[in-house]
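Contents: one structure, followed by commentary.
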Amino acid sequence: MGTKDKIELDMENIPQHIAIIMDGNGRWAKKKRLMKKLGHKAGADVLEKITNVARDLGVMHITAYAFSTENWKRSEEEVAGIMDLLRHYLKDHIRNARKRSIKIDVIGDVTRLDEDIQQQILTLKELTKDKPGINLHIALNYGGRNELLRAIKKIAQKSNDGEIAPDDITEDYISSHLDTAGVPDPELLIRTSGEERISNFLLWQIAYSEFNFSDKLWPDYTGEDLKQAIWEYQNRDRRFGGRNS
Ligand code: FPP
């Protein structure tokens, strides 16, 4: 049932895809007088836990915003800290891939990441591609506008090469040229830390997503919070532009 009692979810109506903007790592670290990179480390650990809870509930896809095209503007030290954390995270998943049931891939323009990270991403993707469980899509050097720009360039090239005519371009055709090709649009988008913005995340894909804004800082986010967000989603009236009565 409701918010304070034990949360009872309708297991027939679990979102297939949840998008998460993991915000508040910096503030969490500051509150605890810790270095920022420890906030990001705690954030990466929470992502791990939340992915496991989501998997157990039957969610098929999580897309997590780990590094945006705008995040390069942060201090060199912070960017290096996040990249190092990413190296460790990828290494750990590569090492334990056989034991885990999570499929991991990356969305975003990975060409700007260091060569060794690109290589780790390829290795992990290959190692986990046949896993039956949840698919974790990590957004790295990701921006929704950049993704659309890259898709439009691919489509323009095909048009230029005479492979397609303008009328061949449909909404599905555009979707199939995005980084998320083949993945259903997120039914639910969660952002933590009290901020209520989209910040260039999945602009095309969230056309009909339900938004859930939590005041908690991402490292404090729990499995119960995720269940609460899903409960709220299940109790919303989704009309997709139509009417239900
Ligand atoms: C937002 O918090 C978070 C980020 C910009 C980075 C998110 C990164 C992680 C959770 C770790 C890296 C992920 C993996 C998978 C290794 P913020 O720093 O903007 O928080 P603030 O607004 O409080 O400063």
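The values are calculated or read from the model by the stated rules, or taken from the named source; none is laboratory data. Every value quoted in this text rests on a predicted model; they were computed, and no experiment measured them. Note that each Cβ is placed from the backbone with ideal geometry, even for glycine, and that neighbours are counted across all protein chains shown. SASA here: full protein model, heavy atoms, side chains in, ligands and nucleic acids out. Shrake-Rupley method; radii C 1.70, N 1.55, O 1.52, S 1.80 Å.
Using the alpha-carbon centroid of each, what span in Å lies between region 1-72 and region 89-134?
Here the two parts' Cα centres lie 19 Å apart.
Apply the Karplus curve 6.51 cos²θ - 1.76 cosθ + 1.60, θ = phi - 60°, to the phi angles in region 23-35 and return the couplings in whole Hz, x for Gly and Pro.
Those phi angles translate into 9, x, 4, x, 5, 4, 5, 4, 4, 9, 6, 10, 5 Hz.
Send over the Kirkwood Rh of region 54-181, from the inverse of the averaged 1/r over different Cα pairs, rounded to one decimal Å.
Result for region 54-181 stands at 16.3 Å.
Binning at 5 angstrom from zero up to the longest distance, how are the C-alpha pair distances of region 1-60 distributed in percent?
4, 16, 18, 17, 16, 14, 10, 4, 1
Residues with amide H under 5 Å of residue 203's amide H, sequence separation 5 or more or different chain, H placed in the peptide plane at 1.01 Å from N; which?
Here the answer is 144, since their amide H atoms fall under 5 Å of that of residue 203.
Over region 1-150, with the other protein chains present, what is the accessible area per residue in square angstrom, probe 1.4 angstrom?
55
If amide hydrogens are placed 1.01 Å from N in the peptide plane, which non-local residues have theirs closer than 5 Å to the one on residue 188?
For residue 188, whose amide H was placed from the backbone, the distant partners under 5 Å are 17, 19, 210.
Output wanted: per-residue J couplings in Hz (rounded whole) for region 69-75, from phi through Karplus 6.51 cos²θ - 1.76 cosθ + 1.60, θ = phi - 60°, x for Gly and Pro.
3J(HN,Hα) across region 69-75, in whole Hz: 4, 8, 5, 4, 6, 6, 4.
If you put +1 on each Lys and Arg Cβ and -1 on each Asp and Glu Cβ, how big is the dipole of the chain around its Cα centre, in Debye rounded to 20?
The dipole of the chain has a size of about 940 debye.
Quick check: at a probe of 1.4 Å, how many percent of the accessible area of the chain sits on carbon and sulfur atoms?
49
Going out from 0 in 5 Å bins, what whole percent of all Cα-Cα distances in region 105-245 drops into each bin?
It works out to 2, 8, 13, 16, 17, 18, 14, 7, 3, 2, 0, 0, in whole percents.
Tally Lys and Arg at +1 and Asp and Glu at -1 over the other residues with C-beta under 12 Å from the C-beta of residue 89: what net charge comes out?
Net charge around residue 89: 0.
Could you work out the percent of alpha carbon pairs in the chain separated by over 28 Å, rounded to a whole number?
35
Applying the Karplus parametrisation 6.51 cos²θ - 1.76 cosθ + 1.60 with θ = phi - 60° to the phi angles of region 10-21, what ³J(HN,Hα) value in whole Hz is obtained for each residue in order, glycine and proline being reported as x?
Once θ is set to phi - 60°, the couplings for region 10-21 become 7, 5, 7, 10, 7, x, 6, 9, 10, 9, 10, 9 Hz.
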